[in-house]
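Novice: One structure coming up, written as structure tokens, with questions to follow.
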């Protein structure tokens, strides 16, 4: 399955738009990781346990989103966005969403491309810190 | 009596002082080596094209598919920087110890993103988004300063494949 965070896929034509698909997960770090991060915070640098937590949550959220897209019969998800929230101290939610589409490899010479300025919806809304 | 006094002095002054010293020495060392690693990685990946527009520059007719790339990094500061930041909050102004933490975390995230782009055989990435991830550790009364960065983008081929 092709997943991109742009509105179209180079070399492909979007033949059908199936709608919004999403996946979320709330994961917690175990106590050991919290303690290790506390120690690591004395000397500074990367907190690997928390990076891993983000990686795992992100994978799981995307997998769920892709499973939903597959159920709809899509072969690609475009315009994927992420959003995170700290539900409670020690647990993080990661939410991934995008638009499920059916894309077809474009074999023609010139690819018709919509004007990118008109394709961008006003105000992205997400993405800012 | 004197022993009690000495013990409490060590506990109240000695331990924080030791942590500050540890933070200063270890923090300087980790920051220095991280900045060197970043500079080396950035030089190595300089050939890749990075942008935050949605239209696959230079030409929207790029071919050869595309894929989502994501990188995440969580960084903290050392004890000394935490301490100086608290002092800074009394007087106000730029909290340099935290600006440098955020800058390093973002650079690291971009380097990881580019490394993935390169590893998957693409030569450009567009629509790069860098957002601050909200993870539990960064809230609450006993909060640790954390820079949790989630970077995403779409990798594609700028040059047509031979």
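The values are calculated or read from the model by the stated rules, or taken from the named source; none is laboratory data. What you see is a predicted model; the values in this text were computed from it and never measured. Heads up, the Cβs are rebuilt from the backbone with ideal geometry, glycines too, and the neighbour counts pull from every protein chain shown.
Novice: Looking at B:85, B:26 in this structure, which one is surrounded by fewer than 22 Cβ atoms within 10 Å (Cβ to Cβ), in contact with a helix residue (DSSP H, G or I) (Cβ under 7 Å, 6 or more places away or on another chain), farther than 23 Å from residue B:150 by Cα and at the interface with chain A (Cβ under 8 Å from one of its Cβ atoms)?
Specialist: B:26
Novice: If you don't mind, another one. Report those helices (runs of 4 or more DSSP H) wholly inside segment A:27-129 carrying at least 1 residues which are surrounded by 19 or more Cβ atoms within 10 Å (Cβ to Cβ) and at pLDDT 85 or above.
Specialist: Because the criterion is at least 1 residues that are surrounded by 19 or more Cβ atoms within 10 Å (Cβ to Cβ) and at pLDDT 85 or above, the helices (runs of 4 or more DSSP H) in segment A:27-129 that meet it are A:48-71.
Novice: The conditions are (1) touching a residue at least 24 places away in the same chain (Cβ under 8 Å); (2) surrounded by 13 or more Cβ atoms within 10 Å (Cβ to Cβ), and residue B:58 fails exactly one of them. Which is it?
Specialist: Here residue B:58 meets the rest and fails (2).
Novice: Failed condition for residue B:38, given (1) under 16 Å from residue B:145 (Cα atoms); (2) assigned to a helix (DSSP H, G or I); (3) out of contact with any strand residue (DSSP E or B) (no Cβ under 9 Å at 6 or more places or on another chain), with all others met?
Specialist: Evaluating residue B:38 over (1) under 16 Å from residue B:145 (Cα atoms); (2) assigned to a helix (DSSP H, G or I); (3) out of contact with any strand residue (DSSP E or B) (no Cβ under 9 Å at 6 or more places or on another chain) leaves (1) as the failure.
Novice: Residue under question is residue B:59, and the condition is that it be closer than 30 Å to residue B:22 by Cα and either touching a helix residue (DSSP H, G or I) at 6+ places or on another chain (Cβ under 6 Å) or more than 7 Å from chain A (Cβ to nearest Cβ) (or both); does it hold?
Specialist: Spelling it out, it is not the case that residue B:59 is closer than 30 Å to residue B:22 by Cα and either touching a helix residue (DSSP H, G or I) at 6+ places or on another chain (Cβ under 6 Å) or more than 7 Å from chain A (Cβ to nearest Cβ) (or both).
Novice: Given the residues B:110, B:95, which is the only one that is without any contact (Cβ under 8 Å) to a residue 12 or more places away in the chain and more than 10 Å from every other protein chain (Cβ to nearest Cβ)?
Specialist: Exactly one of B:110, B:95 is without any contact (Cβ under 8 Å) to a residue 12 or more places away in the chain and more than 10 Å from every other protein chain (Cβ to nearest Cβ), namely B:95.
Novice: Another question, if that's okay. Determine, yes or no, whether residue B:47 is free of Cβ contacts under 8 Å to residues at least 12 places away in the same chain and more than 10 Å from chain A (Cβ to nearest Cβ).
Specialist: When the stated conditions are applied, residue B:47 does not pass them.
Novice: Yes or no: residue B:21 within 12 Å of chain A (Cβ to nearest Cβ), over 30 Å from residue B:131 (Cα atoms) and in a helix (DSSP H, G or I)?
Specialist: yes
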